[in-house]
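**Student:** Structure incoming, see below.
The values are calculated or read from the model by the stated rules, or taken from the named source; none is laboratory data. These figures come from a predicted structure and were not determined experimentally. Glycine also receives a Cβ, built like all others from the backbone with ideal geometry; neighbour counts cover every protein chain displayed.
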Amino acid sequence: MTEQTNHAPQSRRKLALGLSAAVLAAAAGIAWSSPGVLGIGWNSQQTEDAYVEGNLVHVTPQVAGTVTRIAADNTDFVRPGEVLVQLNDVDARLALDRAEAALARSARQVRSQLAGVGQLRSTVVQRESDLARTESDLARRRQLADTGAVSGEDIRHADDAVGAARAALNAARQQVDAARALVDGTTLEQHPDVLSSIAGVRDASLGLARTTLAAPVGGIVARRNVQIGQRVAQGAPLMAIVPLDQMWVTANLKETQLKDVRIGQPVAVTSDVYGADVVFHGRVAGQEAGTGSAFAAVPAQNATGNWIKVVQRVPVRIALDAQELARHPLRLGLSMKVAIDTSRADGPSLLQAGAARHSYETVVFETESHGADAAIRRALGAPAAVVAR
C-alpha cells in the first residue's frame, strides 16, 4: 500500500515535467515571432523560407579591346565612377586623330565656300557694269547710224558685245545661286558638313572614353572573369557589382498564406547572421507574377496520371529600411525569417497591380562625351558655339 502511494506523486511529477518541457519547446519554436522579439502581433503570416536578394550589375565593355589593367577584384568595395578595367586605347586615339583632321578639313572647306559667295557677288556687280557699258555703246552707235558716222558692222559688233555681257551676267548670277545653295542659311558651326565631322569626332572621342570601364554603381565586386591581356568583345561580362544599398528580402509564402497579405503592410525580419537581436523593419512591396515552380528552368508538368497536389509557394518582395540596411549590411542569399503584420487591410491585395515601381539609374556615363569638346575646339581653331551642342 505504501509503495503504490509513493508511485502516484512521482507519476504526477513526471507528467508535470513533460508538460512543462512541451510548453517550453513550443514557446521556443515561436519565440522569434512573438511581439516582444519582432514587434509583430499574433495576427501575422510568418515564414523561414526567405532569402536576401539584390541587383547584380554586370560590367561590360561598349567597345572591343585588349585588357591592359584590372583595378578591382572579387570582394573589393568600389565607388561609382572608379576605374575597374582599362583597355588598350592606341587604336581609339588614332581614330580620334583622324576624326579631328576630317573636321578641320570640313571647316576649311566651308570657310572657303562662305568666302566664295562674296567673291561671286562681286563678279555679278562687275558683269552688271559691263552690261550697262555695252548697252550704252550700242545706243550711241544707233543714234549715229543715220548720219553715216558709224557703219552697220560697228553696230552689229556693239550688239554682239551686249549679248555677251548679258550672258556673262546670267552665268555669274547662276554661280552665286549655286554657291549660296551650299551655305545659305547656315554658319560655320551649323553647316551640315561640319556637323557631320563633329559627330565623327564625338563618336571617336566616345570610343576612346569607353576604353576605360568605370563602376556604374557602388558595391562589392563579384564574378570577375577577365584577365590581363585578354581580348574582350563588346558586351562580354567582365565582372559584376552587388550594390549593398539595393537589397530586399524575398519571402516564399504558401498560397494559403496570401489571403490577408496586403501591399504596404509592416514586416519584421531577422537574419541568421545577426540573430534575433537585430530586427529589420520593412514593408510588403509586391508579389511575383507567378509561383516559384512556374518560373523554374524546367517547369513542373502536372498532366500525369499520378498527380499529387502540392501547396505552391509564391515569392513576395519585402522592402527593407535603408538606414537599418546601412547599419547592418546583408549579402545575397542569406537566410531570413519574416513576419508580416496582417492586421492592416487598407492596402491593395497582392494579386492587384497596386505596388509602386522600382527604378534604378546611374550618372557615371553622362561625362563620356565631355572629352570631345576640347577636340572640337582644336579642330575648329577657336571656341565655337557648336561645342555646347
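**Student:** Name every residue in the stretch 222-234 that is among the small types (Gly, Ala, Ser) and either loosely packed, with under 11 Cβ neighbours inside 10 Å or in contact with a Leu (Cβ under 6 Å, 6 or more places away or on another chain) (or both), in order of residue number.
**Tutor:** 229, 233
**Student:** If we scan the stretch 291-304, do we find a residue that is on the phi < 0 side of the Ramachandran plot and not in a loop (DSSP other than H, G, I, E, B)?
**Tutor:** Within the stretch 291-304 (the criterion being on the phi < 0 side of the Ramachandran plot and not in a loop (DSSP other than H, G, I, E, B)), the answer is no, since none of the residues qualifies.
**Student:** Considering only residues that are surrounded by fewer than 10 Cβ atoms within 10 Å (Cβ to Cβ) and either touching a residue at least 12 places away in the same chain (Cβ under 8 Å) or of a type in the set (Ser, Thr, Tyr) (or both), which ones fall in the stretch 286-323?
**Tutor:** 304, 311
**Student:** Among all residue pairs at least 6 apart or on different chains, which show Cβ distances below 7 Å where the first residue, located in the stretch 195-217, is touching a residue at least 60 places away in the same chain (Cβ under 8 Å) and the second is crowded, with 21+ Cβ neighbours inside 10 Å and of a type in the set (S, T, N, Q)?
**Tutor:** Listed pairs, sorted by first residue: 197/106.
**Student:** Could you tell me whether residue 92 is in a helix (DSSP H, G or I) and either touching an Asp or Glu at 6+ places or on another chain (Cβ under 9 Å) or surrounded by 18 or more Cβ atoms within 10 Å (Cβ to Cβ) (or both)?
**Tutor:** The answer is yes for residue 92.
Okay, residues lined up against (1) modelled with pLDDT under 90; (2) of a type outside the set (D, E, K, R):
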residue	(1), (2)
195	yes, yes
205	no, yes
238	no, yes
271	no, yes
274	no, yes
284	no, yes
291	yes, yes
296	yes, yes
309	yes, no
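**Student:** Take the residues in the stretch 103-112 that are buried (at least 18 other Cβ atoms within 10 Å of the Cβ) and not β-branched (Val, Ile, Thr), then tell me which one is modelled with the highest pLDDT.
**Tutor:** Result: 103.
**Student:** Filter the stretch 83-133 for residues that are touching a helix residue (DSSP H, G or I) at 6+ places or on another chain (Cβ under 7 Å) and acidic (Asp, Glu) and give the result.
**Tutor:** Hits for the stretch 83-133 are 89, 100, 128, 130.
**Student:** Now, a different point. For residue 319, state whether it is closer than 19 Å to residue 51 by Cβ and in contact with a His (Cβ under 9 Å, 6 or more places away or on another chain).
**Tutor:** Criteria met by residue 319.
**Student:** Right, next: Consider residue 189 carefully, then state whether it is among the charged types (D, E, K, R) and closer than 30 Å to residue 108 by Cβ.
**Tutor:** The answer is yes for residue 189.
**Student:** Would you check which residues across the stretch 305-354 are over 27 Å from residue 272 (Cα atoms), over 30 Å from the mean Cα position of the chain (by Cα) and among the small types (Gly, Ala, Ser) and list them?
**Tutor:** Residues satisfying the conditions are 305, 345, 347, 349.
**Student:** Quick check: anything in the stretch 247-260 modelled with pLDDT of 95 or more and basic (Lys, Arg)?
**Tutor:** Looking through the stretch 247-260, none of the residues is modelled with pLDDT of 95 or more and basic (Lys, Arg).
**Student:** Further question on the same structure: Out of the residues in the stretch 331-367 that are part of a loop (DSSP other than H, G, I, E, B) and among the basic types (Lys, Arg), state the one that is farthest from residue 220 (Cα to Cα).
**Tutor:** Residue satisfying both the conditions and the ranking: 344.
**Student:** Follow-up. Could you tell me how many of the residues in the stretch 60-83 are within 14 Å of residue 230 (Cβ to Cβ) and not polar (S, T, N, Q)?
**Tutor:** The total comes to 6.
**Student:** Mind checking which residues of the stretch 249-278 are hydrophobic (A, V, I, L, M, F, W, C) and surrounded by 20 or more Cβ atoms within 10 Å (Cβ to Cβ)?
**Tutor:** Within the stretch 249-278, 249, 251, 253, 261, 263, 267, 268, 269 qualify.
**Student:** Looking at 83, 67, 78, 124, which one is within 21 Å of the chain's Cα centre (by Cα) and buried (at least 16 other Cβ atoms within 10 Å of the Cβ)?
**Tutor:** Exactly one residue qualifies, and that residue is 78.
**Student:** If I go through the stretch 76-135 residue by residue, how many of them are closer than 27 Å to residue 235 by Cα and of a type in the set (Val, Ile, Thr)?
**Tutor:** Number satisfying all stated conditions: 4.
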